[in-house]
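Okay, structure first, notes after.
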Amino acid sequence: MLLIDQILGWIQKYETIIIHRHVRPDPDALGSQGGLACLIRDNFPGKKVYAVGEDAESLRFLLPMDAPDDAAYAGALVIVCDTANRERISDARFGKGSRLIKIDHHPVVDSYGDPEWVDTSSSSASEMIASIYRTHPELKMTDSAARLLFAGIVGDTGRFQFSNVTPETFLTAAELIKHPFGRQAFFNDLYRRKLALARLNGYVLQHFTLTEEGVGFIKLPLDLIRSFNLESSDASLLVNCFSDVENLKAWVLFSEEKDSIRARLRSKGPVINRIAEIYHGGGHPLAAGATVHSWEEADRMIADLRTLCRQEPLQMNSSEKDA
Ligand SMILES: [Mn+2]
């Protein structure tokens with residue numbers, strides 16, 4: 001039997017279904033979680049459905065969280081969306097139900113569900129939830145469900161620009177926007193940011209350095225971040241704000257915390273996670289993080305990046321790539 005049908009079978013069997021997702025939720029975490037909650041509520045009336053996890057202030061407009069008590073987990077079906085490993089599941093009670101199902105599009109880090117539906121070819125967990133509707137036309141999709149699933153796809157594809165977008169992604173999006181969920185208001189909500197962050201963005205654009213090797217960097221001391229009424233974690237949201245500057249190959253944003261300096265590294269080609277590993281960090285080849293303990297150590301990391309980028313040819317532009 002297809003995994004989707006198996007999962008629908010389990011949903012039919014349980015009276016209470018509790019849906020989790022990863023900590024520090026992004027639009028796909030909430031979109032897949034909320035989209036699945038809608039699917040169950042709208043098509044299996046009478047079941048108790050809860051979407052749980054910590055509140056994320058800036059995304060509260062997408063999906064308010066439910067707060068079931070521990071007793072709700074007794075005999076419940078728990079489904080976790082968009083989360084590769086147990087450590088990243090928001091709300092530690094996920095193991096308290098009588099069955100745990102995983103629905104995810106990340107490579108498997110940790111097998112914790114039975115069954116597990118993992119599709120790494122899908123742009124997003126939200127696209128996977130949408131495919132339940134697409135393969136089961138008898139399921140009714142409400143405008144709220146469409147809005148949540150669209151949010152998740154938009155978020156994880158960077159507005160349809162990343163390489164994870166497939167023809168299926170666009171077909172799914174085409175179906176979703178047939179629903180009048182208020183797309184303009186939704187985009188305004190999703191990309192709204194605090195004035196203070198826009199001001200700090202301006203500061204970063206004015207003050208970042210671009211070296212002749214194609215290394216970009218900006219150092220943000222804590223007192224400077226605080227002078228904008230922001231915290232170090234806010235500053236990290238700006239890591240990509242100068243990523244579109246020509247001749248840039250790899251870059252790093254340093255934001256000082258109370259006892260250390262957080263380094264967020266990004267790249268258009270040179271592999272930077274090996275440099276992150278030297279500085280107590282790690283990550284993906286083109287997106288990594290590390291921690292340094294002084295500005296001198298930050299300068300050493302910049303020197304390492306310059307050495308790395310000196311050997312790397314400039315990124316081809318897209319017309320050369322297409323040729
Ligand atoms: Mn995702």
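Okay, here's what the table says:
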quantity	calculated
Complete set of residues in segment 150-202 that are within 16 Å of the ligand (Cβ to nearest atom), surrounded by fewer than 16 Cβ atoms within 10 Å (Cβ to Cβ) and in a helix (DSSP H, G or I)	Glu168
Total residues in segment 267-300, condition open to solvent by 40 Å² or more (accessible area, probe 1.4 Å), part of a strand (DSSP E or B) and at pLDDT 95 or above	0
In segment 209-226, the residues that are without any contact (Cβ under 8 Å) to a residue 40 or more places away in the chain and under 23 Å from Ser267 (Cβ atoms)	Thr209, Leu210, Glu212, Gly216, Ile218, Leu220
Residue count for segment 11-33, restricted to those that are within 13 Å of the ligand (Cβ to nearest atom) and either part of a helix (DSSP H, G or I) or buried (at least 21 other Cβ atoms within 10 Å of the Cβ) (or both)	10
Residues of segment 203-212 that turn out to be loosely packed, with under 13 Cβ neighbours inside 10 Å and either in a helix (DSSP H, G or I) or outside the structural domain of Glu231 (by TED's automatic domain parsing) (or both), as a count	2
Matching residues in segment 213-234 - criterion: being buried (at least 17 other Cβ atoms within 10 Å of the Cβ) and in a loop (DSSP other than H, G, I, E, B)	Glu213, Gly214, Phe228, Leu230
Candidates Ala84, Ala76, Ala51, filtered to the one that is touching a residue at least 24 places away in the same chain (Cβ under 8 Å), more than 28 Å from Asp143 (Cα to Cα) and open to solvent by less than 40 Å² (accessible area, probe 1.4 Å)	Ala84
Residue list for segment 92-121, restricted to those being crowded, with 20+ Cβ neighbours inside 10 Å and more than 30 Å from Phe170 (Cβ to Cβ)	Phe94, Gly97, Leu100
Residues (among the charged types (D, E, K, R) and within 13 Å of the chain's Cα centre (by Cα)) located in segment 139-158	Asp156
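The rows are residues; the columns are (1) touching a Pro at 6+ places or on another chain (Cβ under 9 Å); (2) without any contact (Cβ under 8 Å) to a residue 12 or more places away in the chain; (3) within 28 Å of Asn43 (Cα to Cα).
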{"site": "Leu139", "(1), (2), (3)": "no, no, yes"}
{"site": "Thr142", "(1), (2), (3)": "no, no, yes"}
{"site": "Val154", "(1), (2), (3)": "yes, no, yes"}
{"site": "Asn164", "(1), (2), (3)": "no, no, no"}
{"site": "Glu168", "(1), (2), (3)": "no, no, yes"}
{"site": "Pro180", "(1), (2), (3)": "no, no, yes"}
{"site": "Gln184", "(1), (2), (3)": "no, yes, yes"}
{"site": "Asn188", "(1), (2), (3)": "no, yes, no"}
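The values are calculated or read from the model by the stated rules, or taken from the named source; none is laboratory data. Everything quoted here is computed from the prediction, not taken from an experiment. As a convention, Cβ positions derive from the backbone with ideal geometry for all residues, glycine included, and neighbour counts pool all protein chains shown. We work out accessible area using only protein heavy atoms, side chains counted, and drop any ligands, DNA or RNA first. Shrake-Rupley method; radii C 1.70, N 1.55, O 1.52, S 1.80 Å.
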